[in-house]
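Step one of this worksheet: look at the structure below.
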Amino acid sequence: MNKCLERLYNGLIKENPTLVLMLGMCPTLAVTTSAMNGLGMGLTTTVVLTLSNVIISLLRKVIPDKIRIPAFIVIIASFVTVMQLLLQAYIPSLYTSLGIYIPLIVVNCIILGRAESYAYKNPVFPSLFDGLGMGLGFTIALTLIGLIREFIGGCSVFGYELGWFTPIGIFKMAPGAFFVLAVLCAIQNKAKIIGAKKGKDVSKIQSGCGHDCLNCDVAGCGDRKENKFQDIEITQEDIESTAKINIQAVAEALKDKSEDVEYETIEVKEEK
Amino acid sequence: MDELLKVSSNPHIRSKLSTDKIMLCVIIALLPATIFGTINFGLYGLVVVLTSVVSCVVTELLFELILKKDITVNDLSAVVTGLLLGLNMPPKAPIYLPIIGGIFAILVVKMVFGGLGQNFMNPALGARCFLIISFPAAMTNFVCDAYSGATPLALIKSGESVDLYNMIIGRTSGTIGETSMVAIVCGAIFLILLGIIDLRIPGTYIVTFALFIGLFGGHGFDTYYISTQLAGGGLMLGAFFMATDYVTRPVTRAGQYVFGAILGILTGIFRVFGASAEGVSYAIIIANLLVPLIEKITYPRAFGRGGEHL
């Protein structure tokens, strides 16, 4: 159970998908015009994320490696359709205000990212809590951005008009989303720096891959464990063997193309 | 070997013009427009301009104090930004407008990107557009004690006639600093004589704009119509004082002509085909964003090199 709690903490704070991993920027910037929209979008995504994580984790031994992405998409799209119909039936106002961004949850990179980097490799319960944690982290970030934008841009909180000051309208438009997101990220980075100075460990736990392999010290990243950038000495032999492999590949390609072309089979030294 | 040779790194020939002197000249050049605005719109106009200046300077000072950076308020660029922003305010602007505008201009457009020399667009115009989008009602309300009607440009747009003489003198409604063509041109001539700005950008801008209006304005090359378009709105203020901003204009000579032409075409498009009567500030901001591209295509060829590169 400890691992499950760790996944929750990881998703909520340490690897908050919006403010730390910078994933799912499209819904983050587009739908957070009010706190209610942010909350609705976040919770919808959370439900889809949790359910798809569970199903993908259950099916992880069945799904063939080569077609895993289409398989993920089918699972995610099914849940998104279910959520879309439910929202349309029970919360039509939210359905109208979120509009196109509900079907777009299918290609939300947080969901695909968690499926790929966590659910596909881990058992069901940790995957469930990973989905919950990431989803709630997303919800909190979106609600916060929506709350700030709604307060400054419309002088209201969750739709309740306050009327304290003249609202600054630009915060309800697209530029406002960038302003608020940038400030929140800056605060997050500052908090991280202060934490690091106090000797707190701020490194990521089993990160969703940020494609930054150079600075990545994630042990759990199985795919890249072998060919991580290490101090490899390149010798003349290596170069020669690589060249031979290439020549062989070309020869094989030619062979496939036409039987008439003559080719030489070159012995390849075993790779180091 | 008694002689001591002075060894120093280049540059060995220096111009006596420094940033603060240039900025001081720009401030002096803007004074006629400021004074005319005060006479035209009353003391409250001056209060708006001064608030904007103070807001800009205080924001820059506080930012540098809090982040423990070098204090650069002495280079007077914040004063120029504040002055330009203030001159772009409507005469009866509520006092929070110049305060918020000044903070936005300095904090978001200038300091966050690294201070003077690093800003990607003109801070005063960035703030003006921010204010127009945020407070559309307050920023386009030109009703004041002296004038109650719409701006001359809005009148022209709706097909009414305007008095060209009053427009050139500046006795019309509009923002505090933009109305008087005479005052602005006086300041501009002062700057041109000192060699601080040249006519490349403003000249290309105005000529292109006049041609565009003649071709697409719907009135042909009617001198009266083109003159009212030139004298109205922020065209003169923008052409001489904002498009020529050292930081946000192209550095190459050919690029400056391209920049001026783009400004003229954009302003024409906004004024003729846009919903609003005025379009100078948006034109300058968009052209500012294009400056890196303009510089890339007008990069001068090194002497002796062939024509393989642009």
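The values are calculated or read from the model by the stated rules, or taken from the named source; none is laboratory data. None of these values were measured; they are calculated from a predicted model. Note: ideal-geometry Cβ built from the backbone for every residue, glycine included; neighbour counts use all protein chains shown. Surface accessibility is based on the protein's heavy atoms, side chains included, excluding ligands, DNA and RNA. Shrake-Rupley method; radii C 1.70, N 1.55, O 1.52, S 1.80 Å.
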Can you tell me which condition A:Y118 does not meet? The list is (1) among the aromatic types (F, W, Y); (2) within 22 Å of A:T18 (Cα to Cα); (3) at pLDDT 90 or above, and all the others hold.
(3)
Only one of B:I103, B:I132 is open to solvent by 50 Å² or more (accessible area, probe 1.4 Å) and within 14 Å of chain A (Cβ to nearest Cβ). Can you tell me which?
B:I103
Considering only region B:80-106, state which residues are outside any helix (DSSP H, G or I) and free of Cβ contacts under 8 Å to residues at least 60 places away in the same chain.
B:K92, B:A93, B:P94, B:I95
Output the number of the condition that A:L23 fails; it satisfies all remaining conditions of (1) surrounded by fewer than 21 Cβ atoms within 10 Å (Cβ to Cβ); (2) in a loop (DSSP other than H, G, I, E, B); (3) hydrophobic (A, V, I, L, M, F, W, C); (4) under 17 Å from the mean Cα position of the chain (by Cα).
(1)
Whichever residue in region A:157-172 is within 10 Å of chain B (Cβ to nearest Cβ) and among the hydrophobic types (A, V, I, L, M, F, W, C) and, among such residues, is most open to solvent (accessible area, probe 1.4 Å)
A:F165
Are any of the residues in region B:61-73 at pLDDT below 90 and either open to solvent by less than 30 Å² (accessible area, probe 1.4 Å) or of a type in the set (F, W, Y) (or both)?
yes
So which residues in region B:207-243 are touching a Leu at 6+ places or on another chain (Cβ under 8 Å) and hydroxyl-bearing (S, T, Y), if there are any at all?
B:T208, B:Y224, B:S227, B:T228
Restricting region A:173-197 to residues that are open to solvent by 80 Å² or more (accessible area, probe 1.4 Å) and either farther than 17 Å from A:L19 by Cα or hydroxyl-bearing (S, T, Y) (or both), which is farthest from the other protein chains (Cβ to nearest Cβ)?
A:K197
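For region B:9-37, which positions are among the hydroxyl-bearing types (S, T, Y) and either at pLDDT 90 or above or at positive phi (or both)? Step through it out loud before you land on a result.
Restricting attention to region B:9-37, the residues satisfying the condition of being among the hydroxyl-bearing types (S, T, Y) are B:9, B:15, B:18-19, B:34.
Residue satisfying the conditions is B:T34 alone.
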Members of region B:137-170 found to be within 20 Å of the chain's Cα centre (by Cα), within 14 Å of chain A (Cβ to nearest Cβ) and open to solvent by 10 Å² or more (accessible area, probe 1.4 Å), listed by number
B:T140
What are the residues in region B:216-263 that are open to solvent by less than 30 Å² (accessible area, probe 1.4 Å) and touching an Asp or Glu at 6+ places or on another chain (Cβ under 7 Å), if any?
B:G233, B:G234, B:L237, B:P250, B:T252, B:G255
For region B:81-93, check the following and say yes or no: at least one residue is crowded, with 24+ Cβ neighbours inside 10 Å, within 25 Å of B:I184 (Cα to Cα) and within 14 Å of another protein chain (Cβ to nearest Cβ).
yes
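Can you tell me which of B:S15, B:S77 is touching a residue at least 12 places away in the same chain (Cβ under 8 Å) and closer than 20 Å to B:I192 by Cα?
On the way: B:S15 fails: touching a residue at least 12 places away in the same chain (Cβ under 8 Å).
Every option except B:S77 fails the conditions.
Going through A:I55, A:I76 one at a time, which residue ends up being within 20 Å of A:P123 (Cα to Cα), open to solvent by 20 Å² or more (accessible area, probe 1.4 Å) and touching a residue at least 12 places away in the same chain (Cβ under 8 Å)?
Values: A:I76 fails: open to solvent by 20 Å² or more (accessible area, probe 1.4 Å).
One residue alone meets the criteria, A:I55.
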